Ligand SMILES: Cc1cc2nc3c(=O)[nH]c(=O)nc-3n(C[C@H](O)[C@H](O)[C@H](O)COP(=O)(O)O)c2cc1C
C-alpha cells in the first residue's frame, strides 16, 4: 500500500479512436493535481479475453495469467473511476467483462462513474451503478455525466476537439476527483 492513494481509471471503450481515452487522460491529470496517483487501466490495452475462468470469481480462484494480473491491478487500487460511453442505452461489453472477472477485489472499493453520450450517458451510468452496487463497491452517488452537443463531432464522426469536450466538464470532474481521492485516502488511513 503506497502513501499516495492509487486511483484507477478504467477506460470502458475499446474502439481505435475513442472519446473515452481523452476523458480518462483529463481525469488522470486532475487526480495527479489532487496529490493522488492515477493508474490508467485502458481496457483496449489490458485486452482481457471473454471471461475464461472455470470457477466463478467469488471463489477467489484464478488460474489464467491475465486473470491473476487483472486481479492484482484492481486489488492494489484505493479507489476507481469508471469511464463509460452509452452504447445502445447501456455500457460496453468489454467493461462488463472486465468487471465480471473479479469479485472480492471490488467489494468496498471507493468508486465513481463518469459517463458521456448525447444524454450524458445517463442510461449507461444507471446500468453500471446497478451492477457496481450489486457487487458492493462504495459508489459515489453523483458521478459526472458529460453530454455531447451539436457540433462536437466532425464530418468523419470523430470528436472534433476532445480537450474542449473535457474542459466543458472540468468543474464537476474536479469535484468528483476530490471526493474519490478523499474516500480513497480515508481507506488508506483505516487500513
Ligand atoms: C455501438 C455504439 C452504440 C451507440 N449507442 C449510443 C447510445 O445509445 N446513446 C448515445 O448517446 N450515443 C450512442 N453512441 C454514440 C457514442 O456516444 C459515441 O460514438 C461515443 O464517442 C462513444 O464512445 P467511445 O468513443 O469512447 O467509444 C453509440 C456508439 C456506438 C459505437
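Quick one: is residue 128 crowded, with 19+ Cβ neighbours inside 10 Å and in contact with a helix residue (DSSP H, G or I) (Cβ under 6 Å, 6 or more places away or on another chain)?
So residue 128 fails the test.
Only one of (1) within 16 Å of the ligand (Cβ to nearest atom); (2) touching a strand residue (DSSP E or B) at 6+ places or on another chain (Cβ under 9 Å); (3) not in a helix (DSSP H, G or I) fails for residue 151. Which number is that?
Exception for residue 151: condition (2).
Considering only residues that are in a helix (DSSP H, G or I) and out of contact with any helix residue (DSSP H, G or I) (no Cβ under 8 Å at 6 or more places or on another chain), look in region 131-148 and name the one that is nearest to residue 58 (Cα to Cα).
Step by step, filter region 131-148, then rank; the result is 134.
Scanning for something more than 10 Å from the ligand (Cβ to nearest atom), touching a residue at least 40 places away in the same chain (Cβ under 8 Å), surrounded by 21 or more Cβ atoms within 10 Å (Cβ to Cβ) and part of a helix (DSSP H, G or I), does region 29-41 turn up at least one residue?
yes
Which is modelled with pLDDT of 95 or more, surrounded by fewer than 16 Cβ atoms within 10 Å (Cβ to Cβ) and touching a strand residue (DSSP E or B) at 6+ places or on another chain (Cβ under 8 Å), of 60, 117, 133?
The match here is 133.
One line per residue, one yes/no per condition, for (1) part of a helix (DSSP H, G or I); (2) more than 16 Å from the chain's Cα centre (by Cα); (3) away from the ligand (no atom under 16 Å from the Cβ); (4) within 22 Å of residue 179 (Cβ to Cβ):
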position	(1), (2), (3), (4)
14	no, no, no, no
23	yes, no, no, yes
45	yes, no, no, no
54	no, yes, yes, no
63	no, yes, yes, no
70	yes, no, yes, no
81	no, no, no, yes
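The values are calculated or read from the model by the stated rules, or taken from the named source; none is laboratory data. Please read all numbers here as calculations on a predicted model, not as lab measurements. Cβ coordinates were reconstructed from backbone atoms using ideal geometry, including for glycine residues, and neighbour counts include every protein chain displayed.
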